[in-house]
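Asks: Got a structure for you, written out below as structure tokens; questions coming shortly.
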Amino acid sequence: RFYDKVLSLHEDSATPVSNPLLAFTLIKRLQSDWRNVVHSLEASENIRALKDGYEKVEQDLPAFEDVEGAARALMRLQDVYMLNVKGLARGVFQRVAGSAVTDLYSPRRLFSLTADDCFQVGKVAYDMGDYYHAIPWLEEAVSLFRGSYGEWKTEDEASLEDALDHLAFAYFQAGNVSCALSLSREFLLYSPDNKRMARNVLKYEKLLAESPNQVVAEAVIQRPNVPHLQTRDTYEGLCQTLGSQPIHYQIPSLYCSYETNSSPYLLLQPIRKEVIHLEPYVVLYHDFVSDMEAQKIRGLAEPWLQRSVVASGEKQLPVEYRISKSAWLKDTVDPLLVNLDHRIGALTGLDVQPPYAEYLQVVNYGIGGHYEPHFDHATSPTSPLYRMKSGNRVATFMIYLSSVEAGGATAFIYANFSVPVVKNAALFWWNLHRSGEGDGDTLHAGCPVLVGDKWVANKWIHEYGQEFRRPCSSSPK
């Protein structure tokens, strides 16, 4: 039965899993479901062969931290895109605001989560003390477990009792004692000998007797605090609505043109340029790379991908607000990268050779991959960016190497606009004013990938080497 279940969910391994629900359950299936089957009583008749086969591949399977990361990614998508947990459990991606329901994405094949899947997501939140996310996922787990009570599956980690136990305590922690009490009583129907739960019931009854108004009053659970809280609403709004994009055609100063930048390199094949914004100056160059080039760059980077880090003081650390994998490619790796540098240099008029620019950074954003609001330029004199001894990052050139089915836009927070992923196009902006001061309006974010596999390549160009290419202004401003 488990094999049939795996077979029905299996997709062609040549293409990445784009549906985040499918990706989460694939990781969970390889990490815990399979292990539970191998170590179950049902497997005991053929136990040796089964365990030997499992142990051979065990080190190549996802670890618990992968399941945890995928569960957190689902919660991140739930937050940023205001997704309904009940809908997600049924396999639909719906934003619910009041009575309005919007379909954000319609999968080609509907895929629903099991009670155990929902329990695992809820438990990851529960273990972090995040009851805001734990409660809706555990509610869904309880509801699904109730519907299939008595049909226990070998691969499941949890049962209805586990879900009731966790949900009751989550409600108690959130201040809703009456819910905690009724769930605990339901638990005792299935497991009447559990002394801990019996003590909890007495405790909750006593609390309610002391303050009967608790029966009516339900505490409103606050969403956990996150970095950049003051920009969170703007950031999430831009991710959901793609900012002011739809009215750009009404602004006469924003235009499209064929760009050669007076470079002989681009005379016969000018690049299609779209001015997106003036302050900060942001342009999109359409079809900057070909499909073949994009594919080759991804292929060169793939073996070297590692968890992305950010500059924190004088160190580089992996953090929760940047979830992606990245690799650095020197131009000596392949002649294609030399050609790419020539093209970027011709188009921007800047010197993009090291040490005046960094090597190409290729980034892959997987399930719920994102990068919360940040600056590309250094904002502290102790930043590791200055180790190159070539000044601050004056400009960013970012190439989209893939398309994304939903989500993944680049949002400029203070400038209040966002740019969707346009496959093979490149986004360019100046990080510094001509005075060398950082441009605060370039605070930007990579919105979480809702469905798909997002690849970008970044070329960061530094101040030194550009003195005569982008000279200082005579005005101190």
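Results for (1) within 16 Å of the chain's Cα centre (by Cα); (2) charged (D, E, K, R), shown as yes or no for each residue.
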| site | (1), (2) |
| --- | --- |
| THR15 | no, no |
| LEU21 | yes, no |
| ASP33 | no, yes |
| GLU42 | no, yes |
| ASP79 | yes, yes |
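Asks: From the list VAL309, VAL283, VAL319, which residue is aliphatic (A, V, I, L, M) and at pLDDT 95 or above?
Replies: Only one candidate passes the filter, namely VAL283.
Asks: Taking the residues in region 341-372 that are at pLDDT 90 or above and under 29 Å from ALA71 (Cα atoms) as candidates, determine which candidate is surrounded by the most Cβ atoms within 10 Å (Cβ to Cβ).
Replies: Here the residue is TYR365.
Asks: So, of the residues in region 373-382 that are open to solvent by 20 Å² or more (accessible area, probe 1.4 Å) and assigned to a loop (DSSP other than H, G, I, E, B), which turns out to be farthest from THR442 (Cα to Cα)?
Replies: So the residue we want is THR382.
Asks: Further question: Select from region 39-94 the residues that are of a type in the set (D, E, K, R), open to solvent by less than 60 Å² (accessible area, probe 1.4 Å) and touching a residue at least 40 places away in the same chain (Cβ under 8 Å) and list them in ascending order.
Replies: GLU68, ARG76, ASP79
Asks: Filter region 128-183 for residues that are small (Gly, Ala, Ser), over 21 Å from SER32 (Cα atoms) and assigned to a helix (DSSP H, G or I) and give the result.
Replies: Of everything in region 128-183, those that are small (Gly, Ala, Ser), over 21 Å from SER32 (Cα atoms) and assigned to a helix (DSSP H, G or I) turn out to be SER143, GLY147, ALA168, ALA170, SER178, ALA180, SER182.
Asks: Among the residues of region 69-83, is there at least one that is among the aromatic types (Phe, Trp, Tyr) and either outside any helix (DSSP H, G or I) or under 24 Å from VAL449 (Cα atoms) (or both)?
Replies: Within region 69-83, one or more residues are among the aromatic types (Phe, Trp, Tyr) and either outside any helix (DSSP H, G or I) or under 24 Å from VAL449 (Cα atoms) (or both).
Asks: Of these, HIS370, HIS377, which one is touching a residue at least 24 places away in the same chain (Cβ under 8 Å), within 18 Å of CYS239 (Cβ to Cβ) and not basic (Lys, Arg)?
Replies: HIS370
Asks: A further question on this structure: Name the strands (runs of 3 or more DSSP E) wholly within region 396-477 that hold at least 3 residues that are touching a Lys or Arg at 6+ places or on another chain (Cβ under 9 Å), closer than 30 Å to ASP103 by Cα and open to solvent by 20 Å² or more (accessible area, probe 1.4 Å)?
Replies: Per the criteria, no element qualifies.
The values are calculated or read from the model by the stated rules, or taken from the named source; none is laboratory data. As the structure is a computational prediction, the values presented were derived from the model and not from experiment. No Cβ is skipped: glycine too gets one built from the backbone with ideal geometry, and neighbour counts run over all protein chains shown. When the accessible area is computed, the model is the full protein with side chains, heavy atoms only, and any ligands, DNA or RNA have been set aside. Shrake-Rupley method; radii C 1.70, N 1.55, O 1.52, S 1.80 Å.
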